[in-house]
Amino acid sequence: MLVEKNVPLQPYNSFGIVARAHALVRMGREDDLRAVLDDPKLASQPKFILGGGSNIVLTGDVRSLVLKVEIAGRRLAGETERDWIVEAGAGENWHDFVGWTLAQGWPGLENLALIPGTVGAAPVQNIGAYGVELQDRFHSLDALDLDTGRRFTLDAARCGFGYRDSVFKHAAGPGGLGLAGRALITAVRFALPKAWKPELGYLDLERKWAASGVARPTARQIHDWVCEIRSAKLPDPRVLGNAGSFFKNPTVTPEQCADIIARDPEIVHYPMPDGTVKLAAGWLIDACGWKGKSVGKAGVHDKQALVLVNRQGATGGEVMTLARAIQTSVYERFGIRLEPEPVFV
Ligand code: EPU
């Protein structure tokens, strides 16, 4: 086992923030964690699991022992009457994995194309886009207990998926089953339906479909449309550092929504099955005049106000300052508290 010291983390976070890990160990296979736990000095240190680094804001050097997940591998793990069960190692690149499943003839993940990050990070925040969430295609995952190194398997119910949420984002509490900081995901399995149906309900996709004149698009066609939509709106992290949507879309009661509509009839809102109303955080931020603005080297993307960007050289502190300023103005104008999506480290 190699413990790397003083490792630059800029290449490992999509925001491109400059910071260092005091110590970092690469997890290429399950036994790498067991080797860490067998070392009394390393075993007792606090640990931070790093996947693709596409959902974090580094606010300084990382003092915890960084476990960088690089477990590779993808295979057909089995099949049922309804589904192909497809498995990938946690360190696999998400978008490459999606492309590979399509090439194998197992559609179902095409709406989730081009989401940055790794397969192992995908269940942590239950990634979602264009009408599909990870939980809609999830089968089960394997993880290692960070204290004992023992492997365990979780099905969807035990992952506690919610909107950009799972059991991996919550600390263990009285009666709570939170696994934040307690588990390292090693492999994820997906149930991809043999009777595949296109998901074209999201407005942007519907528009692409209508413009194409195609009667029944293939999964590859939907994949390509999703890539086009994302590329037009969302900055490529290799060019302009970012962590995707910076805030979750908030939900309000129908009464709160009616109150806001009375003042701002244009507000973008979606009624939810549970009776609440989801608001477009991007619209709220845009309405407060933030699109294209900057605080220091941290800025708001000029094509999607929900995305904060690193205009080269931003610190995590500048990103936090900008995020707080946005939260304050949205609260003052709409009475809504925006909740950040990425994790501050
Ligand atoms: N809008 C504005 N101004 C803006 C941004 C958005 O008016 O600056 C309006 C749009 O016109 C649209 C609405 O807000 O009517 C929603 O915008 P969009 O379709 O771009 O989606 P979003 O709600 O901003 C969510 C996810 C994205 C996901 C897209 C597509 C969250 C926090 N974000 O964004 O996920 O790709 O839908 O499904 O739920 C991510 O989580 O990192 C992410 C990129």
Scope the stretch 220-243; condition over 30 Å from LEU322 (Cβ atoms) and surrounded by 21 or more Cβ atoms within 10 Å (Cβ to Cβ); matching residues: ILE222, HIS223, TRP225
For LEU184: the one exception among (1) in contact with a strand residue (DSSP E or B) (Cβ under 9 Å, 6 or more places away or on another chain); (2) surrounded by fewer than 20 Cβ atoms within 10 Å (Cβ to Cβ); (3) of a type in the set (A, V, I, L, M, F, W, C): (2)
Failed item, numbered, when VAL330 is tested on (1) more than 9 Å from the ligand (Cβ to nearest atom); (2) within 23 Å of PHE344 (Cβ to Cβ); (3) assigned to a loop (DSSP other than H, G, I, E, B): (3)
Complete set of residues in the stretch 280-289 that are buried (at least 23 other Cβ atoms within 10 Å of the Cβ) and either over 19 Å from the mean Cα position of the chain (by Cα) or among the β-branched types (Val, Ile, Thr) (or both): LEU284, ILE285
Per-region count, the stretch 333-345, residues under 22 Å from the mean Cα position of the chain (by Cα) and part of a helix (DSSP H, G or I): 0
Residues satisfying the stated conditions in the stretch 269-317, i.e. hydrophobic (A, V, I, L, M, F, W, C), in a strand (DSSP E or B) and within 15 Å of LYS248 (Cβ to Cβ): VAL277, LEU279, VAL307, LEU308
ASP224 being over 25 Å from PRO198 (Cα atoms) and acidic (Asp, Glu): no
Residue within the stretch 53-63 that is in contact with a strand residue (DSSP E or B) (Cβ under 9 Å, 6 or more places away or on another chain), over 30 Å from ALA298 (Cα atoms) and not β-branched (Val, Ile, Thr) present: no
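Taken together, the values in this text are just the output of simple stated rules run on the coordinates, not laboratory data. All of these numbers come straight from a predicted model, not from anything done at the bench. Counting neighbours? That spans all protein chains shown, and the Cβs are built from the backbone with ideal geometry, glycine included.
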